[in-house]
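Everything on this sheet refers to the single structure shown next.
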Amino acid sequence: MIKESDWKRFSRLKETALDRYCERALASCRATMEQEGRSNHDRFLDLYEQLLEANKRLAFIFDGHARSKALDQFSCMRREGLIEDAELEGFTTEFVEQTRPWDP
């Protein structure tokens, strides 16, 4: 179980990370939509696949707001680059270490 102070900080930062994730996904969609030299249908199909994949990743990282999921979710957010190093300040050393991204 994580400490109350980590839980509160995580809860606030989760919204920021979600916004960053969506911003990236939308930028990627924009780039797909603006590709020249491809048919509208091809771009539409690519966009559809992108959205499905982005939604699947979003659900994996962000769905469910429970203390029991916080360590795994925060680790995924860090691995995705959604958390800046400066934002780790204020968390306990234990929480930061437990959520350190691992290399597959």
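What follows is calculated from the coordinates using simple rules that are stated; it is not laboratory data. Being a predicted model, the structure only gives us computed values, none of them experimental. Here the Cβ positions follow ideal geometry from the backbone for every residue, glycine too, while neighbour counts run over all protein chains shown.
Residues that are in a helix (DSSP H, G or I) and among the charged types (D, E, K, R) within region 57-68 comprise Arg57, Arg67, listed in sequence order. Quick check, is Asp46 out of contact with any His (no Cβ under 6 Å at 6 or more places or on another chain), in a helix (DSSP H, G or I) and farther than 22 Å from Thr16 by Cα? Judged against the criteria, Asp46 is a match.
Only one of the numbered conditions (1) touching a Ser or Thr at 6+ places or on another chain (Cβ under 8 Å); (2) over 14 Å from Arg12 (Cβ atoms); (3) not basic (Lys, Arg) is not met by Glu87, and that is (2). Considering region 69-101, and only residues there that are free of Cβ contacts under 8 Å to residues at least 24 places away in the same chain and part of a loop (DSSP other than H, G, I, E, B), the residue that is surrounded by the fewest Cβ atoms within 10 Å (Cβ to Cβ) turns out to be Glu89.
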